[in-house]
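Let me begin by presenting the structure, written as structure tokens, before commenting on it.
The values are calculated or read from the model by the stated rules, or taken from the named source; none is laboratory data. Nothing here was measured: the structure is a model prediction, and the numbers come from that model. Cβ coordinates were reconstructed from backbone atoms using ideal geometry, including for glycine residues, and neighbour counts include every protein chain displayed.
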Amino acid sequence: MGKYDKDRRQKELAIRYCLAQGMVPCLEVVVPSISELSDNPEVITDIDALGLEFVADGGLRRIAFDCKSSTKLSAIGRTFWAAGLMQYTGCDGAFVILGKPAVYNHRISALSINVDLHDQKSFEDLGRSKLLDFDMPHHYQSTIDNWEKVSDAYDKCVWSKTAFEIARNTTPISRTPEKTFRKLVVELKRNRGYFDPRKNEHMAIFFDLMASMFILWTSMGRDFRRIYSPEMKQQQFEHALRFYVWGGKEAFEIRQALRERAVQLNSGAEIPADVQEFPAWEQLQHFVGLVVSAPQAVFGCVNLCRDLSIRCVVTKSADEEVNLANGVRGSNRATQFILAMGAYLVSACQLPSDTKEKLKEILAEL
């Protein structure tokens, strides 16, 4: 059995519904314990599929999809379970897709707590009311078989296991995007010696990680947009960004003090007055400048990168190629943002310099 075989058809419908609505689908998001009090992190449950919807200028609305073709719980019991999952993970709504129809009273009652209760047929009807052929594979990520190919790439590259956990599980439900962003950068940099842009599996991982970065920067861009002012001087911009990416002034000062203490212990010399900067600080400022100028364009890069990731490890399809090319060409900012993020990661994580050329080559094919 494949990694995503349980309730496979319902999950695929959830993914295609998200794509038809302009949402970003995330498949089987593992939900950890709220606290880490043991050596090994404990899994609470998982979200079969999660849809991320762009709101205003960078807010994210999260919709959980609970897919159960067979269940011992009643329809209303499953509804209450989904409502608890929503509250625990900070989701804004949920769909429950069951194997058989629920009674009308249960469906109406479920709506009162933001849970939309369906069987597979009624969910398909709902999708067609939005887009007649929503259940057709318009994108590389429309098919779970393709998701499995990227998961196989991660499995093949043992060094990428932690990056996978952060990108696929932590990122979609993160309430501290700047912290999650730091973790992803650190993890990719830690394994830079294994990364080879000549290998398709590695580029699939690279694009998948970029998709997660853009999810985080959708929220981070909104946050920093509230901090940024056109009248800001360069020094003020750097100051605000420095505190923001490190998680606040206090967190930054603690890190700076620890760094100075480490230098002192190692050398016994005077402590240098320089500041502990975030990796590839100049490139990060450039990228944030782009985000501030067009924060609404960041979210659109997520699905493009996810499709580009899958494209690296599957046989190319004419229809999916056309839709992906249209997506890249249809956004004036998409290529600019993807190249800027790629260039930043190459510098910050000290990846092979020809990664940037490989990135340009792949985009040029479209």
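Here are the numbers for the structure shown:
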item: Single match in GLY90, GLY58 (criterion: over 16 Å from GLY22 (Cα atoms), under 22 Å from the mean Cα position of the chain (by Cα) and not charged (D, E, K, R)); result: GLY90
item: Extreme residue, farthest from ILE310 (Cα to Cα), among residues of region 204-254 that are part of a helix (DSSP H, G or I), in contact (Cβ under 8 Å) with a residue 24 or more places away in the chain and of a type in the set (Gly, Ala, Ser); result: GLY221
item: From MET220, MET213, MET203, residue being of a type outside the set (Val, Ile, Thr), more than 16 Å from the chain's Cα centre (by Cα) and surrounded by 14 or more Cβ atoms within 10 Å (Cβ to Cβ); result: MET203
item: Unmet criterion (only one of (1) assigned to a helix (DSSP H, G or I); (2) over 17 Å from the mean Cα position of the chain (by Cα)) for ILE113; result: (1)
item: Candidates ALA262, ALA211, ALA251 - the one that is under 27 Å from CYS26 (Cβ atoms) and among the small types (Gly, Ala, Ser); result: ALA211
item: Residue among ALA251, ALA257 that alone is among the hydrophobic types (A, V, I, L, M, F, W, C), closer than 24 Å to VAL186 by Cα and at pLDDT 85 or above; result: ALA251
item: Filter result (surrounded by 15 or more Cβ atoms within 10 Å (Cβ to Cβ) and assigned to a loop (DSSP other than H, G, I, E, B)) within region 61-70; result: SER69
item: Among (1) more than 19 Å from PRO177 (Cα to Cα); (2) in contact with a Pro (Cβ under 8 Å, 6 or more places away or on another chain); (3) surrounded by 17 or more Cβ atoms within 10 Å (Cβ to Cβ) - the single one CYS349 does not satisfy; result: (1)
